Structure formats: C-alpha cells, structure tokens
1. Looking at residue 12, is it in a helix (DSSP H, G or I) and either at pLDDT 95 or above or in contact with a strand residue (DSSP E or B) (Cβ under 9 Å, 6 or more places away or on another chain) (or both)?
2. Is it true that residue 72 is at pLDDT below 95 and exposed (fewer than 10 other Cβ atoms within 10 Å of the Cβ)?
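The values are calculated or read from the model by the stated rules, or taken from the named source; none is laboratory data. Note that this is a predicted model, so its numbers are computed, not measured. We place every Cβ from the backbone using ideal geometry, glycine too, and count neighbours over all the protein chains shown.
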C-alpha cells in the first residue's frame, strides 16, 4: 500500500509538472505572438515615416527651387 501511495504521489507530481510546463509553453507562445505583432506595427510605422520623410524632402526641394526662381526673377 505504501508503494502504491508513493507511485500515485510521483504520478501526480509528474502530471502537475507537465501541466505547469504546458501552461508555460502556452504563455511563451502568446508572448511570442504579441512580440511579432509589435514588430509588425513598428516596421509599418517606420515605413510610413520614411515615406513621409521622402515627401517632405521633395516638398522642401520644390520650395527652395521656387525661392531661387523668385530671386532670379528680381535680378
């Protein structure tokens, strides 16, 4: 009977450890999924900022050229 009790205790401990490891695995998968979503949002934001920067660069170039043309017309 004592052996059976020890065996049952070992089985319960093993099942508990397996459950804990399973929950930890699920938690890690959720964390990984969240990090992938955050990475995707960051990449999208950086791409949008780059595009806006390019548009601003060309707008500034056009404005400078307009000022140059205005100055040339006064000469």
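1. Answer is no for this residue.
2. Details: at pLDDT below 95: yes; exposed (fewer than 10 other Cβ atoms within 10 Å of the Cβ): yes.
When the stated conditions are applied, residue 72 passes them.
For (1) modelled with pLDDT of 95 or more; (2) under 20 Å from the mean Cα position of the chain (by Cα); (3) part of a helix (DSSP H, G or I), each residue gets a yes or a no:
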position: 25; (1), (2), (3): no, yes, yes
position: 36; (1), (2), (3): yes, yes, yes
position: 41; (1), (2), (3): yes, yes, yes
position: 44; (1), (2), (3): yes, yes, yes
position: 49; (1), (2), (3): yes, yes, yes
position: 67; (1), (2), (3): no, no, yes
